[in-house]
Amino acid sequence: MRERVRQARKTLNLSQKEFGKKLGYTQTHLSMIEVGKSAIIEKNVMLICKTFNINEHWLRTGEGEMFCASLHEREFQEIFSKLTPDTQKCLLLIARELLSVQQKLMRER
């Protein structure tokens with residue numbers, strides 16, 4: 001994950017000092033994270049994702065897109081992750097139905 005923190009920082013064209021400052025970290029602390037001398041705790045992950053609109057799944061696994069598509073998507077992901085599996089299934093059914101309705105409305109225009 002430390003490599004992806006560095007990759008995100010470089011993609012944002014920020015120095016360690018600038019990136020760290022936005023997170024409330026010193027350049028030294030961020031450097032230690034990037035080289036693996038300081039663990040990336042849950043709080044760090046959430047703060048990095050929220051501050052820079054980073055896709056949490058990408059940061060943790062390297063899969064998917066680096067950045068979230070929108071603030072709405074990020075909020076939806078946060079809410080979805082807190083739901084029980086049964087509630088997640090229900091929400092997916094509702095979302096599929098909304099998509100179907102939207103597609104029908106778009107065709108009628």
Of the listed residues (Met46, Met106), the one being under 30 Å from Gln7 (Cβ atoms), open to solvent by 60 Å² or more (accessible area, probe 1.4 Å) and either of a type in the set (Ser, Thr, Tyr) or not in a loop (DSSP other than H, G, I, E, B) (or both) is Met46
Among (1) open to solvent by less than 50 Å² (accessible area, probe 1.4 Å); (2) in contact with a Ser or Thr (Cβ under 9 Å, 6 or more places away or on another chain); (3) not acidic (Asp, Glu), Phe67 falls short only on (1)
Of the candidates Thr51, Thr87, the one satisfying the condition of being within 17 Å of Arg6 (Cβ to Cβ), assigned to a helix (DSSP H, G or I), among the hydroxyl-bearing types (Ser, Thr, Tyr) and modelled with pLDDT of 90 or more is Thr51
Practice task
Could you please let me know if Glu34 is assigned to a helix (DSSP H, G or I), open to solvent by less than 20 Å² (accessible area, probe 1.4 Å) and either touching a residue at least 24 places away in the same chain (Cβ under 8 Å) or not small (Gly, Ala, Ser) (or both)?
Solution key: yes
Within the stretch 54-64, of all residues that are of a type outside the set (Asp, Glu), free of Cβ contacts under 8 Å to residues at least 40 places away in the same chain and not in a helix (DSSP H, G or I), the one least open to solvent (accessible area, probe 1.4 Å) is Asn55
Does Ile79 count as closer than 21 Å to Val45 by Cβ, of a type in the set (A, V, I, L, M, F, W, C) and surrounded by fewer than 11 Cβ atoms within 10 Å (Cβ to Cβ)? yes
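The values are calculated or read from the model by the stated rules, or taken from the named source; none is laboratory data. Since the structure is predicted, the reported quantities are computational estimates derived from the model, not experimental observations. No Cβ is skipped: glycine too gets one built from the backbone with ideal geometry, and neighbour counts run over all protein chains shown. Surface areas here come from the heavy atoms of the whole protein model, side chains and all, with no ligands, DNA or RNA. Shrake-Rupley method; radii C 1.70, N 1.55, O 1.52, S 1.80 Å.
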